[in-house]
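Asker: Quick one: the structure is below, and I'll ask about it shortly.
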Amino acid sequence: MEDMSVATLVATAGFAAGILFGATANKTNFCTMGGVSDMILMGDTTRFRAWMLAIAVAILGTQALHMLELIDLTRAPADGGAIYLTSSLGWPGAIVGGLLFGYGMTRAGGCGNKTLVRIGGGNLKSIVVFMIMGVTAYMTLRGLIGLARIELEAFNTDLTAFGLESQSMVEILAAFIGTETESLRLGVTLAFAVAIAAYCFKNEEFRGSFQDIIGALIIGLLIPVGWYITGVLGADEFEPTQMFSFTFVAPSAESIQYLMTFTGASINFGIAAVGGVIVGSFLMAVATKSFHIEAFNGADDMKSHMVGAIMMGIGGVLALGCTIGQGLTGMSTLALGSLIALASIIVGAIWGLKALEEDSVMGGLKAMISRS
């Protein structure tokens, strides 16, 4: 019997992790857009706090892997490292892309992860969103819209001009106070994680929501699991696996391409994870008897979802990730660009929700500004 290749091992482990991710998100109703929606429209912060707790757990787990030298977050992307800690701070893409993605997910009924979870639950609308988001993302990565993306990247800030090697918030702080980066890593990690966890658990309703807490813990832990799969199981001195964890916009595009060119394509962690989330959600939906077919209510409903999918496809690529890709995976690296993208996504989502309330894009913007 032949030994399993590194690529196959990574894909298999990614698929298994994706199943757990999808099943957990389905069962606990873990939804980043839903969290923002509940908070803005109903004043209920429970699901938003679940998202924040998942971020705290992801930061702790990922930074622990780095400090234990199991993975190297500082490795350059050209050498198989993560994309989040480059010296080129893509703040324009993080802001523009984050706003687009956040606004778009309110039109499409959820973020990239929720789209996959809903597909597994029988939602036909989400299949349309997935296809359009994936194709638009690919156009932004390597197609026609990619020209505009490249022009936007020209405004990135080169941090090497300031004596920095990366956009790590740990390194930036270390440079500011004049000390070694690694000497501060544990302290900065704990500061972020404890502050976020304190925000989450100071709310009595959240403390009593066992389902949301468990969902946040599992999904938060799956982020360092993804880093471990690609960074440790995928380690190969000749063909190292690109190191990353869960994210769903670019991998959705790659999944569509993979399905079309299967015989000449190679599977990776992202593609396998996308499939795993759908399967995991489907299995949970069947097990809980919640699987049901849902379709568009009419032309306006379909148009809204299509517009939202386009915005998520473009925005997710410009921002280098979605509510999971930047909001969890990127944040777990403590990258400044990820923090900017996360804030922009949340602002975009609030704008989108207010626009739905006011039935006007500009009306939504005015309502959001007046509320703040």
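The values are calculated or read from the model by the stated rules, or taken from the named source; none is laboratory data. It should be emphasised that the depicted structure is a prediction, and the values quoted were computed from it without experimental measurement. Note that each Cβ is placed from the backbone with ideal geometry, even for glycine, and that neighbours are counted across all protein chains shown. Areas reflect the complete protein model, heavy atoms only, side chains present, ligands, DNA and RNA absent. Shrake-Rupley method; radii C 1.70, N 1.55, O 1.52, S 1.80 Å.
Asker: Which of the residue pairs K114/K289; K114/K303; K289/K354 have a Cα-Cα distance greater than 24 Å in the structure shown?
Answerer: Result: K289/K354 exceed 24 Å.
Asker: In square angstrom, what is the accessible area per residue of segment 315-365 with a 1.4 angstrom probe?
Answerer: Roughly 26 Å² per residue, with all protein chains present.
Asker: Here's something else I'd like to know. Taking the Cα centre of the chain as origin, work out the dipole magnitude from +1 charges on Lys and Arg Cβ and -1 charges on Asp and Glu Cβ, in debye rounded to 20.
Answerer: That gives a dipole near 1140 debye.
Asker: Taking the alpha-carbon centroid of each part, what is the distance from segment 70-113 to segment 309-347 in angstrom?
Answerer: So the two Cα centres are separated by 5 Å.
Asker: At 222 nm, what helix-only mean residue ellipticity would the chain give, in deg cm²/dmol to the nearest 500, using -39500 (n - 2.57) for each DSSP H run of four or more?
Answerer: Value at 222 nm, helices only: -21500 deg cm²/dmol.
Asker: Please work out the ratio of the alpha-carbon Rg of segment 167-321 to 2.2 N^0.38 Å and round it to two decimals.
Answerer: Segment 167-321 yields a ratio of 1.36.
Asker: Can I ask one more? With the crude spin-label approximation of a point 7 Å out along Cα→Cβ, what separation in nm comes out for F296 versus D3?
Answerer: 5.1 nm
Asker: Considering only G80, T45, L70, whose Cα is most displaced toward the positive end of the charge dipole of segment 31-94, charges sitting on Cβ of Lys, Arg (+1) and Asp, Glu (-1)?
Answerer: T45
Asker: Most fluctuating residue of L20, L73, L173 in a GNM of the chain with Cα springs under 10 Å: which is it?
Answerer: Of L20, L73, L173, the most mobile in the Gaussian network model is L173.
Asker: Solvent-accessible area per residue for segment 1-131 at a 1.4 Å probe radius, Å²?
Answerer: I get 36 Å² per residue for this part.
Asker: If N is the number of residues in the chain, what value comes out of its Cα radius of gyration divided by 2.2 N^0.38 Å?
Answerer: Details: Rg = 19.6 Å, N = 372, 2.2 N^0.38 = 20.9 Å.
Ratio of Cα Rg to 2.2 N^0.38 Å: 0.94.
Asker: Using the Cβ atoms and a cut-off under 11 Å, what net charge is assigned to the surroundings of M33, where Lys and Arg are +1 and Asp and Glu are -1?
Answerer: +2
Asker: What part of the accessible area of segment 32-83, given as a whole %, is carbon or sulfur when the probe is 1.4 angstrom? All intermediate terms of the calculation are to be shown ahead of the outcome.
Answerer: Working: 1120 of 1870 Å².
Summing carbon and sulfur atoms, their accessible area is 60 percent of the total for segment 32-83.
Asker: Distance in nm between label sites at R75 and F176, each 7 Å beyond Cα in the beta-carbon direction?
Answerer: 3.0 nm
Asker: Ok, one more. Round to the nearest 0.05 the FRET efficiency obtained for R142 and E204 when R0 = 35 Å and r is the Cβ-Cβ distance.
Answerer: In this case the efficiency is close to 0.10.
Asker: Roll a 1.4 angstrom probe over the protein heavy atoms and tell me the percent of accessible area of segment 239-372 that is carbon or sulfur. Write out the running numbers ahead of the final one.
Answerer: On the way: 3760 of 5770 Å².
That share works out to 65 percent.
Asker: Kindly report the accessible area of segment 134-201 per residue (heavy atoms of protein chains, probe 1.4 Å, no ligands, DNA or RNA), in Å².
Answerer: Working: 3980 Å² over 68 residues.
So segment 134-201 comes to 59 Å² accessible per residue, rounded to a whole number.
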